[in-house]
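Notes follow once the structure below has been shown.
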Amino acid sequence: MRYIAGTSVVLDTSPSLLFHCRIRRRKLGAAGRRLVMTPVNSRSQPRESEDGIISVEEWRRWGPVSPFPAAVKQIVDDLKVLECKLDSPIEFGGNGGKLQGPFGAYEDKKHRATYEALNDPEKKFRFFSARQVACRLLGSRGYLCQKCWLAMEDCMCSYIKPCGLWKQIRFWLYMHPRDFLRQNNTGKLLWQIFGVQSATLCVFGIAEDEEIMWNEFKRAGKNQVRCLYPNQNSEVTFSVKDTFGCSASENPGSSSMTDLHFILLDGTWNNSAAMLKLLKDHAKSV
Ligand SMILES: [Zn+2]
């Protein structure tokens, strides 16, 4: 896999759309939001926003294409058990599904102890990712729009105009878990506009997402995969034709062409640097 600095691939994502993306953070009271994960069987008509079950359909409505991750399910189940044990409702507050209140204080100590007990760095970051995703899923229910990840009163879905991407190009939005369901994340616009088959979300550290992505890369061959990441040489720009050294631009849309895959890292600079390092390490073994 090669890493190229800069790109000539221009995304026409309508600047006006981006500028009109008004992010309004809802001020939450001290009480925050409560999620009481009542067992689904105890309700005659369970409401998705209040039970502790996350279906694969609910998972995919947020953007992923993978099965519901086993590690995330385990965290959700553990939270449910802990809620029953403590007899204290799960409370979320602020942005990003942060646990609060007595439950949050207890769970914070508990998950830190679990994290410290893991001796493998990979297990640590996978546990971190699963917990982040689980808390954000539960804390965003009934609060954020599942398509645009904005507070429901700020939903901008009606302003999005989907359009097709050149069908031989596929973007992979490799997202840090801290950016998952973040209201001011902009990477989500890619699949909202181009669709999940052209711009696919892959959450960093979530095995099911990463397996799908790496399998596609293996199928395409490493020469068909590029990671777009700016660095000190980012003034250098390559065209798709130069980069892939093929007849991509001469015969666009040919059914015999193999897809060109672009990995886009989505996270803060510090987080994305760590992601890039792991990406390179993993790429060597592919
Ligand atoms: Zn929306």
If amide hydrogens are placed 1.01 Å from N in the peptide plane, which non-local residues have theirs closer than 5 Å to the one on PHE92? ARG33, ARG34, LEU35, GLN100
Could you compute the FRET efficiency for ALA274 and LEU228, with r as their C-beta to C-beta distance and R0 at 25 Å, rounded to 0.05? 0.90
Could you compute the FRET efficiency for SER158 and SER239, with r as their C-beta to C-beta distance and R0 at 35 Å, rounded to 0.05? 0.50
Name the shape class, rounded, prolate or oblate, that the alpha-carbon gyration tensor gives for region 61-182, where a ≥ b ≥ c are the square roots of its eigenvalues, rounded holds for a/c under 1.5, and otherwise prolate holds if a/b is larger than b/c and oblate otherwise. oblate
LYS167-GLN197 pseudo-label distance in nm [points 7 Å out on the Cα-to-Cβ vector]: 0.8
Relative to the present Cα-Cα distance, how much length would full extension add between ASP108 and SER55 at 0.36 nm per residue of separation? 16.5 nm
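Since every read-out is calculated from the coordinates, none of them should be taken as a lab result. From a predicted model like this one, the values you see are computed outputs, not experimental measurements. Methodologically, a virtual Cβ is constructed for each residue, glycine included, from the backbone with ideal geometry; neighbour enumeration extends over all protein chains shown.
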